[in-house]
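Enquirer: Sending over a structure as structure tokens; questions will come in a sec.
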Amino acid sequence: MSILAGSLAAAKEPVDAEATLRLIVQANADRDLPTMSKYMSHDSDAVGYTIDGHKYVGWTALATDMRTEFTSVAKLELPITYLQFWHKGDIAWFAMELDYIRYLNATDLTQRMVLPLRETGVMERRDGTWILVTWHESTRQPDTGMGIALADPGTVVRRVSDNQAPGPNGADLSGEWEVTEIEDNKKYVATLDAHGNGPYTWQGGQFATTSFNDRRWQGTWKQTGNDREGAFEVVISEDGTEAKGIWWYVRVGTRDNIPPRQHGGTYLWKRLTPPPTAP
């Protein structure tokens, strides 16, 4: 998860709510949990919501997942695209938009996962110190597309065009697809039906499509060979020949509490058979 984004002007006690928020954010980008802990509520009934409907109550569960996230990435960046604050006495609240950028490979920082997010939250001044007491995080849909693996900062995914193929009920995802897991350069072939469901040639794998809209393709995967499962989200090209995006775990063996979108990698799918033509 992310806790906003911004730049830290100086390593000193923040003087107001916004400075405190930016300090928390920079600590998130720096993977500095002690600083985050200092300025975030430890109240037992403090509630925070992150993407995919995940809910945190209190500090302990959040801290545990943040530690896991920090050890799973090589680098984090959290640039702000929008920030608005409001104040009334010892209470302040805000709205924010940011990109949560995860680098998974320390030797190749050209490959990154970008999660465009929205944030809202409330801060309270306690004994002169501003504390983040509650927050809510959700995804947004900018031009770059959520979770797309960007090869360089100039890479963008174009918006849907007027002559694009139909949506969920009209899209035909059938055929053979070469699937590459970018970080490991692992390749295998998926054979899918028109609805985007079918087996792939790695660990008895099976893909199941859950939605397809505006070229955004979402689904799940399951591998019986090594007893694990997860989900994916890719954006398919306008000509239907390739797709780029991310995959992640939700279960490995008996461990079924893996936070969604936090542990996984980037996908490149290439169609090995010609895209079906409209009748």
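Enquirer: Show me, for region 262-273, the HN-Hα J-couplings you get by feeding each phi into the Karplus relation (A = 6.51, B = -1.76, C = 1.60, θ = phi - 60°), rounded to Hz, glycine and proline as x.
Expert: Whole-Hz 3J(HN,Hα) from phi for region 262-273: 9, 10, x, x, 10, 10, 10, 10, 10, 6, 8, 10.
Enquirer: Scan around Arg112 for amide H atoms under 5 Å from its own, H built in the peptide plane at 1.01 Å from N, and keep only partners 5 or more places away or cross-chain.
Expert: Placed amide hydrogens put Leu150 under 5 Å from Arg112.
Enquirer: Would you mind checking Lys75/Lys186; Lys55/Lys186; Lys187/Lys244; Lys222/Lys244; Lys55/Lys187 for any pair whose Cα atoms are more than 24 angstrom apart?
Expert: Beyond 24 Å between Cα atoms: Lys55/Lys186; Lys55/Lys187.
Enquirer: How much net charge surrounds Asp43 when only other residues with a Cβ under 14 Å from its Cβ are counted (Lys, Arg +1; Asp, Glu -1)?
Expert: Result for the neighbourhood of Asp43: -1.
Enquirer: Further question on the same structure: Please list the non-local residues whose amide H lies under 5 Å from the amide H of Ala171, H modeled 1.01 Å from N, same-chain partners needing a gap of 5 or more.
Expert: Under 5 Å from the amide H of Ala171: no residue qualifies.
Enquirer: In straight Cα distance, which lysines are under 17 Å from Lys38, not counting same-chain residues fewer than 8 positions off?
Expert: Leaving aside lysines fewer than 8 places away in the same chain, those within reach of Lys38 are Lys12.
Enquirer: Could you tell me the center-to-center distance, by alpha carbons, between region 62-110 and region 237-279 in angstrom?
Expert: 24
Enquirer: A further question follows. Would you mind working out the accessible area per residue for region 49-103, using a 1.4 Å probe, and quoting it in Å²?
Expert: Value for region 49-103: 48 Å² per residue.
Enquirer: Can you compute 3J(HN,Hα) from phi for each residue in region 89-106, using the Karplus curve 6.51 cos²θ - 1.76 cosθ + 1.60 with θ = phi - 60°, rounded to whole Hz and x for Gly and Pro?
Expert: Karplus values, whole Hz, x for Gly and Pro: x, 8, 10, 9, 9, 8, 10, 8, 10, 7, 10, 9, 10, 10, 9, 9, 10, 5.
The values are calculated or read from the model by the stated rules, or taken from the named source; none is laboratory data. Since the model is a prediction, treat every value here as computed from it, not as a measurement. Methodologically, a virtual Cβ is constructed for each residue, glycine included, from the backbone with ideal geometry; neighbour enumeration extends over all protein chains shown. Just so you know, the surface numbers come from the protein's heavy atoms only, side chains and all, with ligands and any DNA or RNA stripped out. Shrake-Rupley method; radii C 1.70, N 1.55, O 1.52, S 1.80 Å.
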